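Student: Here it is: the structure, laid out below.
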Amino acid sequence: MADAFLDAVERRRTYYSLSDASPISDARIQSLVERATQHAPSAYNVQSARVVLLLGERHKQAWRTVAESYASTVPPSNSGTQQQEQREADEQARQARRQRTEKFGSETYGSVVFLENREDIEAQYVQSPDFKESKAFDVWSENATGMLQFAVWTALEAEGLGASLQHHVSTYPAVGRALTEHLALPSSWQCTAMMPFGTPAGPPGRPGKEKPFKPIRDRVIIFK
Ligand SMILES: Cc1cc2nc3c(=O)[nH]c(=O)nc-3n(C[C@H](O)[C@H](O)[C@H](O)COP(=O)(O)O)c2cc1C
């Protein structure tokens, strides 16, 4: 039983090379996402996770919004001697970011957006104000969203889909807000990550690069 679970854990990989197709129905994808969300653990069972499943044109539109907002985060450079040169270089950098990011929508089938409802987290601090100093509920919220992401990622892979985990929406909070506004979600829902997925069109990972592993003996120790 544990081996079947760990086989699925081992098979989950990062796929960048994907196609805009799915081997399973949208209803099946929805059911996987709902089941993972229902049963993934959370500190004090706060259930602060919120999830948006994006499919079809809504998925592609959402990534265009993310790409546009992400492109605008390129800081103006000071390197060129001519202002005109600088402006052109900045626009090129923005365009490169926009194109790279849009591909997560145009070359994939759908996305799962992971969010945390800040209202649920803040309510925990009202109940337990002594946890404020360590920001414990914020840390646990990050842990919990990661556990849910992992459950969804592994479930998608087990059904023949490939996925990657992308953090434009949390690396730059303004990008996350652009997405939640675009989707008309409550303002207390804070994006933690996006998971674009589709049918694998190539091997996992970066082209030509094997996934390296550190020796397990350096990472797991046992005392008895
Ligand atoms: C917390 C976390 C954040 C990550 N953020 C990104 C990301 O923003 N973009 C990306 O392409 N991959 C991201 N990854 C994927 C890792 O780079 C990837 O899991 C790692 O290199 C191991 O490869 P594997 O997923 O194929 O096993 C993230 C993974 C984790 C666990």
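The values are calculated or read from the model by the stated rules, or taken from the named source; none is laboratory data. In this text the structure is predicted, and so the values were computed from the model without any measurement. Methodologically, a virtual Cβ is constructed for each residue, glycine included, from the backbone with ideal geometry; neighbour enumeration extends over all protein chains shown.
Student: Is there a residue being among the aliphatic types (A, V, I, L, M), away from the ligand (no atom under 11 Å from the Cβ) and closer than 28 Å to D26 by Cα anywhere in segment 158-174?
Tutor: Filtering segment 158-174 down to residues among the aliphatic types (A, V, I, L, M) leaves 158, 161, 163, 165, 169, 174.
Next, from what is left, pick out any that are away from the ligand (no atom under 11 Å from the Cβ): 158, 161, 174.
From what's left, closer than 28 Å to D26 by Cα: 158, 161.
Taking every residue of segment 158-174 in turn, at least one turns out to be among the aliphatic types (A, V, I, L, M), away from the ligand (no atom under 11 Å from the Cβ) and closer than 28 Å to D26 by Cα.
Student: Considering only residues that are among the hydroxyl-bearing types (S, T, Y) and more than 13 Å from the ligand (Cβ to nearest atom), look in segment 128-149 and name the one that is nearest to S42 (Cα to Cα). Spell out the reasoning first.
Tutor: Taking segment 128-149 as the starting set, the residues that turn out to be among the hydroxyl-bearing types (S, T, Y) are 128, 134, 141, 145.
Applying the additional criterion that residues be more than 13 Å from the ligand (Cβ to nearest atom) yields 128, 134, 141.
Working: S128: 16, S134: 18, S141: 7 Å.
Step by step, filter segment 128-149, then rank; the result is S141.
Student: Taking T73 as the residue in question, decide whether it is part of a loop (DSSP other than H, G, I, E, B) and under 20 Å from the mean Cα position of the chain (by Cα).
Tutor: Values: part of a loop (DSSP other than H, G, I, E, B): yes; under 20 Å from the mean Cα position of the chain (by Cα): yes.
When the stated conditions are applied, T73 passes them.
Student: Does A178 fit the bill of being among the aliphatic types (A, V, I, L, M), surrounded by 19 or more Cβ atoms within 10 Å (Cβ to Cβ) and more than 14 Å from the ligand (Cβ to nearest atom)? Step through it out loud before you land on a result.
Tutor: Details: among the aliphatic types (A, V, I, L, M): yes; surrounded by 19 or more Cβ atoms within 10 Å (Cβ to Cβ): yes; more than 14 Å from the ligand (Cβ to nearest atom): yes.
Yes, satisfied.
Student: Go through segment 96-118 residue by residue and tally those that are in contact with a Gly (Cβ under 7 Å, 6 or more places away or on another chain) and without any contact (Cβ under 8 Å) to a residue 24 or more places away in the chain.
Tutor: Total satisfying the criteria: 0.
Student: Among the candidates I24, I29, which residue alone is more than 17 Å from the chain's Cα centre (by Cα), at pLDDT 95 or above, surrounded by 12 or more Cβ atoms within 10 Å (Cβ to Cβ) and among the β-branched types (V, I, T)? If you could, list the steps in order and put the result at the bottom.
Tutor: Working: I29 fails: more than 17 Å from the chain's Cα centre (by Cα).
Result of the check over I24, I29: I24.
Student: Taking helices (runs of 4 or more DSSP H) that do not extend beyond segment 119-224, which have at least 2 residues that are free of Cβ contacts under 8 Å to residues at least 60 places away in the same chain and under 30 Å from A8 (Cα atoms)? Break it down into steps so the answer makes sense when it comes.
Tutor: Details: elements: 136-158, 168-171, 173-182.
Qualifying helices (runs of 4 or more DSSP H): 136-158, 168-171.
Student: Look at segment 4-35 and say how many of its residues are touching a residue at least 40 places away in the same chain (Cβ under 8 Å) and either in contact with a Cys (Cβ under 7 Å, 6 or more places away or on another chain) or assigned to a loop (DSSP other than H, G, I, E, B) (or both).
Tutor: Residues meeting the conditions: 10.
Student: For segment 87-124, how many residues meet the condition of being among the small types (G, A, S) and touching a strand residue (DSSP E or B) at 6+ places or on another chain (Cβ under 6 Å)?
Tutor: Within segment 87-124, the subset among the small types (G, A, S) is 89, 93, 96, 105-106, 110-111, 123.
With touching a strand residue (DSSP E or B) at 6+ places or on another chain (Cβ under 6 Å) added as a condition, the list becomes 110-111.
Of the residues in segment 87-124, 2 are among the small types (G, A, S) and touching a strand residue (DSSP E or B) at 6+ places or on another chain (Cβ under 6 Å).
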